[in-house]
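Starting off with a structure, shown below.
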2 protein chains.
Amino acid sequence: MEYPFSVVAVDVGGTKIACAVVRYENVDAAPIILSKRSIPTDAQQGGEVVLARILDLVDDVRAEALSHGETIVGVGVATAGRVDVDTGNIAFANEIMPGWSGQPLGDALRERFECPSAVLGDVQSHALGEARWGAARGAQTAVVMAPGTGLGGGIICHGKIVRGKHGFAGEIGSTMNTLDAGDGNLESVAAGSGIEARYYAACGVHQTGAEISHRAQLGEDIARQTIENAGRALGLALAGWTNIFDPDIAVVSGSVTKAGPIWRDAMVSAFKERTPGVLADLPIVDASLGDNAPLIGAAENLLDTLKN
Amino acid sequence: MEYPFSVVAVDVGGTKIACAVVRYENVDAAPIILSKRSIPTDAQQGGEVVLARILDLVDDVRAEALSHGETIVGVGVATAGRVDVDTGNIAFANEIMPGWSGQPLGDALRERFECPSAVLGDVQSHALGEARWGAARGAQTAVVMAPGTGLGGGIICHGKIVRGKHGFAGEIGSTMNTLDAGDGNLESVAAGSGIEARYYAACGVHQTGAEISHRAQLGEDIARQTIENAGRALGLALAGWTNIFDPDIAVVSGSVTKAGPIWRDAMVSAFKERTPGVLADLPIVDASLGDNAPLIGAAENLLDTLKN
C-alpha cells in the first residue's frame with residue numbers, strides 16, 4: 001500500500017462506541033488519530049440497535065474522511081465480547097451488552113461497506129496496539145494483562161496478536177488462581193470485581209475498588225490484604241506466563257494497576273519469587289496509548305489481514 | 001526456492017547425534033528423510049569434542065548429498081540445551097552434556113559452512129516438526145508437552161515456533177505445579193524423574209518409571225497414586241495453557257505418555273475439569289513423527305529463517 005493511507009477504526013465498549021480515522025503517514029511514523037467521535041453504546045437497547053449504531057457511525061466517519069480525500073483501506077473493529085475468528089461475528093457477550101451475543105457484526109460490515117473489514121476482541125486490540133506503537137513497541141513476544149472490572153489479557157507472538165481457535169487466547173481471567181489454589185479463577189481475586197467481592201466477604205462492607213485501595217494505603221488490614229492478594233495472584237500468573245513465553249516485555253493496564261504501591265510491590269515480588277534467572281529481568285511496564293490503544297490495534301489488525 | 005531442495009538436519013541429544021538429508025519434493029509433499037546416520041554423542045568427552053563431531057558429521061552427510069546432486073539450501077540443527085536466539089550458540093546445558101553450555105555452535109556452523117544455518121532447541125524442533133508435518137499438521141496454534149525423563153514443551157503460534165527472548169518459550173517443566181500448589185515445579189511431579197522421586201519418597205523403593213506404571217496397572221496403591229498425580233498435574237497445566245492460548249490441538253509425547261490408561265485418564269479428566277465450554281473439545285493427540293520430528297523441525301526452522 002502506498003502512504004499515506006487510513007483505516008476507519010471503531011472501539012465498541014459497554015458504555016461508549018468510539019470511532020476514528022487512523023492515518024498512516026509513512027512506514028516509521030506512529031499512526032495519527034483523526035476525527036475521533038464517541039457515542040453512547042446504549043447497550044440496554046439490545047444488540048441489533050447497537051449494531052445499527054456502529055454501522056451508521058462508521059458510515060459517517062468514513063464518508064467524511066473520503067470527502068477530505070483520505071485513502072481508506074478498510075474498517076477495523078475492536079469490540080467487547082468474544083469474536084468468532086472466521087466470521088468476525090460476536091460469538092458471545094456477557095450481560096453488560098444484552099443481545100450483543102450472536103450479532104453478525106462481521107457479516108454486516110462486509111455487506112454494508114465494499115472495503116475490507118476485520119473484527120478483533122477489545123482487549124486483544126488493546127494489546128496489539130500497545131505492541132505495535134505503544135509501551136511494547138516492536139516486541140516480538142509480549143503479554144498484556146488488563147485487570148479492570150474484569151480481567152482480560154492479550155498475547156503477542158511473532159509480533160502478531162494470538163487469537164486462538166475460538167478467539168479465547170489471552171483470556172487470563174478464567175485461568176486458575178494459584179494464590180489460594182482451587183478457590184476460584186484469577187479474575188475472582190485479581191480483578192476489580194474480585195477485589196470488591198473478597199473485601200465484602202472478609203468484612204461485610206461493600207466498597208469500590210478505588211476506596212479499598214485507598215483504605216489499604218491508610219493501613220486498614222483487610223483492605224491491605226485484599227489488595228496484596230490481588231497483586232500477588234496477578235504476579236504469580238505473570239510468572240507462569242513468563243516461564244512459558246519468555247516474553248520481551250509485559251504490559252499492565254486497567255483500573256487495578258492504579259491501586260498504588262501495595263498492589264504493585266505485591267505483584268512484582270510474587271512474580272520474582274517464581275521466575276528464575278534472566279526471566280526475572282522482564283520489563284513490566286504500564287500501557288502508554290490510553291483509550292487509543294484499541295483503535296490503533298483494530299487498525300493494525302485490519303492491516304494484518306490485508307497482508308495475508 | 002525451487003523444488004526439489006534439501007536441508008541437512010542434525011539432532012543433538014545426550015546419547016546420540018542424528019544427521020540426515022531432509023528432502024522437499026514439492027509444496028504439498030511431506031519431506032523425506034534420506035541418508036540418516038547416527039553416532040554416539042560421547043557427551044562425557046566434553047562440549048568441544050561434541051561440537052567437532054557434529055561439524056564433521058554434517059560435513060560428511062552434506063558432501064555425500066552434494067555428490068548425489070542434491071540442492072542443499074542450508075543446515076538446520078536441533079540440540080539439547082538452551083539456544084541463544086540471536087547467535088545459535090548454546091546458552092546453557094545441564095549435566096547430561098558436560099561442557100556443552102557456552103559452546104559456539106551457531107558461530108561454528110557459520111564459519112565451517114558457507115550455506116545458511118539455524119539452531120533451535122530440540123523440544124522446540126520436535127514441536128515445530130509435529131506442527132508442520134506430524135500430528136498437528138497445519139495447526140496455527142498448538143501446544144506440545146513432552147514428559148520424558150524431564151519435561152519440555154513447545155508452543156506454536158501463527159504456525160511458527162515461539163522461542164521467546166532468551167529461548168525459554170515452552171519450558172513447561174519449570175512452571176508451577178498446581179496439583180499440590182507450592183510443592184515444586186511441574187517437572188517434579190509430571191516428568192519421569194518426578195514420578196520416580198515421588199514414588200521413592202512415598203515408599204522408599206527406587207523403581208524405574210516403566211516399572212511404576214506397570215505396578216500402577218496391577219493395582220499397587222502408591223504406584224497408582226503417583227501415576228495419577230503425574231497425569232493430573234499435566235492435565236491441569238494443559239488446562240491453563242488452553243485457557244491462555246485456545247490452541248487448535250495439543251500433542252503429547254515422551255516416555256511418560258506410554259504410562260497407560262491410568263495416566264491418560266487422569267490427565268484428560270483434570271484437563272476437562274478446568275476447561276470450560278468449547279475449549280474442552282481440544283484434541284489431545286500423540287506425536288506421530290517419532291525420532292524424525294526434531295530433524296524435520298530443525299529443517300523447517302532453517303527454511304523459516306530463509307523466508308525472513
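The values are calculated or read from the model by the stated rules, or taken from the named source; none is laboratory data. Bear in mind the structure is a predicted one, so any value in this text is a computation, not a measurement. Methodologically, a virtual Cβ is constructed for each residue, glycine included, from the backbone with ideal geometry; neighbour enumeration extends over all protein chains shown.
Can you tell me which residues in the range A:96-134 are among the aliphatic types (A, V, I, L, M) and over 19 Å from residue A:41 (Cα atoms)?
Within the range A:96-134, A:118, A:127, A:128, A:131 qualify.
While we're here: Of a type in the set (Phe, Trp, Tyr) and either surrounded by fewer than 23 Cβ atoms within 10 Å (Cβ to Cβ) or closer than 23 Å to residue B:286 by Cβ (or both) - does that describe any residue in the range B:125-135?
Yes; the residues of the range B:125-135 include at least one that is of a type in the set (Phe, Trp, Tyr) and either surrounded by fewer than 23 Cβ atoms within 10 Å (Cβ to Cβ) or closer than 23 Å to residue B:286 by Cβ (or both).
Among A:154, A:159, which is the only one that is surrounded by fewer than 24 Cβ atoms within 10 Å (Cβ to Cβ) and modelled with pLDDT of 90 or more?
The conditions single out A:159.
Still on this structure, please answer the following. Can you pull out the residues in the range B:215-255 that are over 30 Å from residue A:171 (Cβ atoms) and hydroxyl-bearing (Ser, Thr, Tyr)?
Once the filter is applied, which keeps residues that are over 30 Å from residue A:171 (Cβ atoms) and hydroxyl-bearing (Ser, Thr, Tyr), the range B:215-255 yields B:226, B:255.
If you scan the range A:1-41, which residues turn out to be surrounded by 14 or more Cβ atoms within 10 Å (Cβ to Cβ), under 19 Å from the mean Cα position of the chain (by Cα) and of a type in the set (S, T, N, Q)?
Result: A:38, A:41.
As an exercise: evaluate residue B:226 against (1) more than 30 Å from residue B:300 (Cβ to Cβ); (2) out of contact with any helix residue (DSSP H, G or I) (no Cβ under 8 Å at 6 or more places or on another chain) and give the number of the one condition it does not meet.
Of everything listed in (1) more than 30 Å from residue B:300 (Cβ to Cβ); (2) out of contact with any helix residue (DSSP H, G or I) (no Cβ under 8 Å at 6 or more places or on another chain), residue B:226 misses just condition (2).
Could you list, in sequence order, the residues of the range B:113-137 that are under 15 Å from residue B:293 (Cα atoms) and without any contact (Cβ under 8 Å) to a residue 12 or more places away in the chain?
B:137
OK, next. Out of the residues in the range B:284-296 that are outside any helix (DSSP H, G or I) and over 30 Å from residue B:222 (Cα atoms), which is nearest to the other protein chains (Cβ to nearest Cβ)?
The selected residue is B:288.
Just to be sure I understand, how many residues within the range B:225-242 are of a type in the set (Val, Ile, Thr) and either within 11 Å of another protein chain (Cβ to nearest Cβ) or under 19 Å from the mean Cα position of the chain (by Cα) (or both)?
1
Of all residues in the range A:272-283, how many are in contact with a strand residue (DSSP E or B) (Cβ under 7 Å, 6 or more places away or on another chain) and either part of a helix (DSSP H, G or I) or crowded, with 20+ Cβ neighbours inside 10 Å (or both)?
2
Only one residue in A:207, A:225 is modelled with pLDDT of 95 or more and outside any helix (DSSP H, G or I), so which one is that?
A:207
Would you pick out the residues in the range A:243-271 that are within 14 Å of chain B (Cβ to nearest Cβ) and either within 15 Å of residue A:195 (Cα to Cα) or of a type outside the set (A, V, I, L, M, F, W, C) (or both)?
Answer for the range A:243-271, where residues must be within 14 Å of chain B (Cβ to nearest Cβ) and either within 15 Å of residue A:195 (Cα to Cα) or of a type outside the set (A, V, I, L, M, F, W, C) (or both): A:243, A:246, A:247, A:248.
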